[in-house]
Every structure is written in C-alpha cells, then in structure tokens.
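Below: one structure, written as structure tokens.
What follows is calculated from the coordinates using simple rules that are stated; it is not laboratory data. Predicted model, so just to flag it, every value in this text is computed and none were measured. Virtual Cβ from ideal backbone geometry, glycine too; neighbours counted across all protein chains shown.
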Amino acid sequence: MSQLMNLNAIWLIVFGVLLAAGLWLLIGGLAALLRGRLLRGPIRAAFGLGFAALAFLGAGIGINLLTWNTFNQETPVATVSFVQLEPRQFEARIGTPGGEERIVIVNGDEWQLDARVIKWKGFALLLGLKPVYRLDRFSGRHSRVVDEREARRSVFGLSSTEHGLDVWKGARRLEEWLPVADTHYGSSVFMPMADRAVFEISLTEDALIARPANGEARSAVRNW
C-alpha cells in the first residue's frame, strides 16, 4: 500500500501542475476574449479546459487506487477464523494485514473468499504501476448442491466505500481500445468451516491460496 500511496502522491503533484496550467490558460483565454481577440481567446480557453479535465480525471483515478492494495509474488491478504454457534452456523472473523477485522455470521459447511485484481499492461507498466487487489466478498457455501439451492445462504461485501473514479469499471470499458489493464482477473478460494479453525489466505499472480493455520483447520481439510 505504501508504494501505491507514494505513486499516487507523484500523480497528484503531476495532475496538480496540469490543473494549475489549465486554469492559467483558461483565465488567459477568457481575458483575451474580453479584449476582443476572438481567435486566440477561445483557443487558449479550450486548451485550459482540456488540461483541467485531464487533471480531474487523473486525480479521480489516483484517489480510487488508494482503496486498492498492491501485491508482488505471493502476498498475505487475510486470516479467517471460525467459532461454531450452531450446526452449520459459524462466527467468522476476517482479518487483514492492515489490522482491519470484520466479524460476520455465516451459514453452511464451507466458506468462500472472492477478490478482484487489476493487472496492468502496456503503457501502464511504463508508469511503474504494480498489480493491485481488493477483497470483494465473503460467503458461506453448502457442500451439497441441493442445500446450496434451498438452504439459507449468507454473503457479505468486503469492499471499502468507493472513492474517486471507479478504476475497475473504467478499465473494463476502455480495455478494448486502450489496453492498459487486465480486469478479467477475479479469483475465489473456498475451504470447509470448523470450530476454532484458522486459515491464512494469500494472493499470487495467478490465484488466491488458502492454507490451514492450526490443527482444527488441518483436520477439517483432511475430512473434507
């Protein structure tokens, strides 16, 4: 995250300069227009508006990227622990390396964690952008298909409140004619739930990986 914040700080400086230049050109263009320069005034004002638009667009993208996390090779993204409350019902604690924790009540026999990943390509790589991820959902699963259709299910969103421009949606709409990001990289992992079981989840360049972190979790996986 620190690398992403440093990169965004650089971006904000660059786009701050663009905004200042845009406002200077816009004000100069309007002043020229008031002095009767009907050609030079509108041209300068148009360039000013263009620079200002680029500045706001870049700042919006940078602010949104702050809600994502960078990763490199295999990166720990979460720890999930369970306490059984009733048959097929568990209290789940989802903790992140940043110290955040979410407590939810999950129904079923298994748990599932979903993440969204943006991998950059082309010109974006030249800017030094690293792959970023955001945990998306945590849900309960039922091992039997009939239960999955009919039994009570539970799904919880993990994404933080959206700030700035939505990079995920924007990149998906632009990637056909401006290939700078690969947003088709969604990843999920699921494992059995058990009383006092703890799992550690990591993200690689290919997928989420869940590993049992204590005896209860290892026993649950063996008997799965």
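General observations
- Under 11 Å, Cβ to Cβ, from residue 147 - net charge with Lys/Arg +1 and Asp/Glu -1: +2
- Label point 7 Å beyond Cα of residue 105 along Cβ direction - residues of the range 185-210 with amide nitrogen under 19 Å: 193-196
- Sorted ascending by nearby beta carbons within 10 Å, beginning with the fewest, 111, 224 become 224, 111.
- Each Lys or Arg adds one and each Asp or Glu subtracts one; over the other residues with Cβ under 10 Å from the Cβ of residue 138, this totals 0.
- Relative exposure of 146, 106, judged by other C-beta atoms within 10 Å (fewest first): 146, 106
- Amide H contacts under 5 Å for residue 85, placed H, 5+ residues apart: 90, 91
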